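Undergrad: Input: one structure, supplied below.
The values are calculated or read from the model by the stated rules, or taken from the named source; none is laboratory data. Here the structure is a predicted model, which means the values were calculated and not measured. Every residue, glycine as well, gets a Cβ built from its backbone with ideal geometry; the counts of neighbours run over all protein chains shown. All accessible areas refer to the heavy atoms of the entire protein, side chains included, with ligands and DNA or RNA removed. Shrake-Rupley method; radii C 1.70, N 1.55, O 1.52, S 1.80 Å.
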Amino acid sequence: MKRMICAGNWKMNKGPQAVEDFLKIFLESVPKDAEMDFILFPQNLVLSQVASRLKGRAVGFGAQNCYWEKHGAFTGENSPEVLKELGAGYCLVGHSERRQIFKESDEDMARKVRALQDLDLLPVLCIGETLDQRTTGKTNAILDVQLSIGLKNLSAGKKFWIAYEPVWAIGTGVVAEVPQVAEAHQFIFKKLQSLVGAAASQVKILYGGSVKPDNAKALAKVEHVDGFLIGGASLDPKNFIGCH
Ligand code: PGA
C-alpha cells in the first residue's frame, strides 16, 4: 500500500481563532497509524501560529505562495527565507488562482521553484488545464509547457512535487473522472522521466480538484496518484481526515 500525501490548501480562509478551532479537533482526531502524511497550507498571516502549534507533531506545513528573492524591497511579498526560519517544509507554486487572478507566468514558477530548492524547501508546482483547453484537446500540450518551463531551473538532486489540478475541477464540485486522472498522471510521470530520468520515481504527483472523503478512495488507487491537494474539504478537520 503506497503512503499517500494529504495536503490541505486553506486558500484565503481561517484567521487565528479558526486555526485554533481546526487544530484542536484535527490534532485530537488524526489517527496515529494514518496511512497518509498530512500537510497544511494556511495563509501566511497565521503561519507562525500553525508552526508553533505543530511543533513536535508529525504534520507538515507550508505556504501557498512566496517570492523568489530572499529579502529586500519587495513590498507585500513573502520571503522564502522567513518561511524556512519558521520551520515550513513546503510551498505551493503556481496554483491556478495565482496564475489566473494574479497573472503569474510559467517563468515566475521557474524562479520560485529554484529559490525554494536553494533553501531546501520543497516546491509543489501546480499545473492543470482549463475547461476550454481540455475540450479543444490541448490538455497534454498545456501540461507539457507548464512542466517544461516551470521546472527548467531545477537544482539537481533537490526534491520537488507536482500537483495536477484541472482548473475546471477546482472548487466546482466536478471531480475529474478516474480515467482522466489516470491519463494526466501517466502523462506527467512520462514527462518527468524525460526531464529528470530515474529521479522521476521520487517525485510525488498529487491530484487536486474537488477531492472529498467520498471520492478520495477511488482516486487513491490510480497509478501515479501519490496524494491529494484539497481545498474546500480541508477546511473542516473531519472532512480533511476523511480523505485518507
Ligand atoms: P478544491 O480546491 O478541493 O476546493 O477543489 C483544490 C485546490 O484549489 O487546491
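Undergrad: How many residues does the range 87-110 hold that are open to solvent by less than 60 Å² (accessible area, probe 1.4 Å) and either among the hydroxyl-bearing types (Ser, Thr, Tyr) or more than 16 Å from the ligand (Cβ to nearest atom) (or both)?
TA: Matching residues across the range 87-110 total 9.
Undergrad: Inside the range 196-220, can you point out the residues that are charged (D, E, K, R), over 20 Å from residue 97 (Cβ atoms) and in contact (Cβ under 8 Å) with a residue 24 or more places away in the chain? Spell out how you get there, then give the answer.
TA: The initial filter retains those residues of the range 196-220 that are charged (D, E, K, R), namely 204, 212, 214, 217.
Applying the additional criterion that residues be over 20 Å from residue 97 (Cβ atoms) yields 204, 214, 217.
Hit for the range 196-220 is 204, nothing else.
Undergrad: Please go through the range 207-219 and give me each residue that is near the ligand (Cβ under 9 Å from one of its atoms) and hydrophobic (A, V, I, L, M, F, W, C), ordered by number. Show your work before the answer.
TA: First, pick out the residues of the range 207-219 that are near the ligand (Cβ under 9 Å from one of its atoms): 208-212.
Within the range 207-219, 211 is the sole residue that qualifies.
Undergrad: Then there is this: Here are some conditions: (1) away from the ligand (no atom under 16 Å from the Cβ); (2) farther than 18 Å from residue 36 by Cβ. Residue 222 meets all but one. Which one does it not meet?
TA: Every listed condition holds for residue 222 apart from (2).
Undergrad: Can you list the helices (runs of 4 or more DSSP H) found entirely within the range 39-128 that contain at least 3 residues being of a type in the set (Lys, Arg)? Give the steps one after another, and end with the answer.
TA: Details: elements: 47-53, 80-85, 96-101, 106-118.
By residue number, 106-118.
Undergrad: If you scan the range 5-38, which residues turn out to be under 16 Å from residue 239 (Cα atoms), part of a helix (DSSP H, G or I) and open to solvent by 10 Å² or more (accessible area, probe 1.4 Å)?
TA: 18, 21, 24, 25, 27, 28, 29
Undergrad: Next question. With (1) touching a helix residue (DSSP H, G or I) at 6+ places or on another chain (Cβ under 9 Å); (2) more than 23 Å from residue 161 (Cβ to Cβ) as the list, and residue 75 as the residue in question, which single condition is left unmet?
TA: It fails just one condition, (1).
Undergrad: Still on this structure: Hey, can you tell me all the residues within the range 41-58 that are open to solvent by less than 60 Å² (accessible area, probe 1.4 Å) and under 13 Å from residue 20 (Cβ atoms)? I'd like the intermediate steps shown before the answer.
TA: Of the range 41-58, the ones open to solvent by less than 60 Å² (accessible area, probe 1.4 Å) are 41-44, 46-47, 49-51, 54.
42, 46, 49, 50, 54, listed by residue number.
Undergrad: Answer yes or no: is there a residue in the range 134-143 that is within 14 Å of the ligand (Cβ to nearest atom), open to solvent by less than 20 Å² (accessible area, probe 1.4 Å) and either more than 18 Å from residue 194 (Cβ to Cβ) or in contact with a helix residue (DSSP H, G or I) (Cβ under 8 Å, 6 or more places away or on another chain) (or both).
TA: First, pick out the residues of the range 134-143 that are within 14 Å of the ligand (Cβ to nearest atom): none.
No, there is no match, as no residue in the range 134-143 is within 14 Å of the ligand (Cβ to nearest atom), open to solvent by less than 20 Å² (accessible area, probe 1.4 Å) and either more than 18 Å from residue 194 (Cβ to Cβ) or in contact with a helix residue (DSSP H, G or I) (Cβ under 8 Å, 6 or more places away or on another chain) (or both).
Undergrad: What tally of residues in the range 151-183 results from selecting those that are away from the ligand (no atom under 16 Å from the Cβ), touching a helix residue (DSSP H, G or I) at 6+ places or on another chain (Cβ under 9 Å) and open to solvent by less than 60 Å² (accessible area, probe 1.4 Å)?
TA: First pass over the range 151-183, keeping only residues away from the ligand (no atom under 16 Å from the Cβ): 151-160, 178-179, 182-183.
Within this subset, residues satisfying the condition of being touching a helix residue (DSSP H, G or I) at 6+ places or on another chain (Cβ under 9 Å) are 151-160, 178, 183.
Adding the requirement that they be open to solvent by less than 60 Å² (accessible area, probe 1.4 Å) leaves 151, 153-155, 160.
The qualifying residues number 5.
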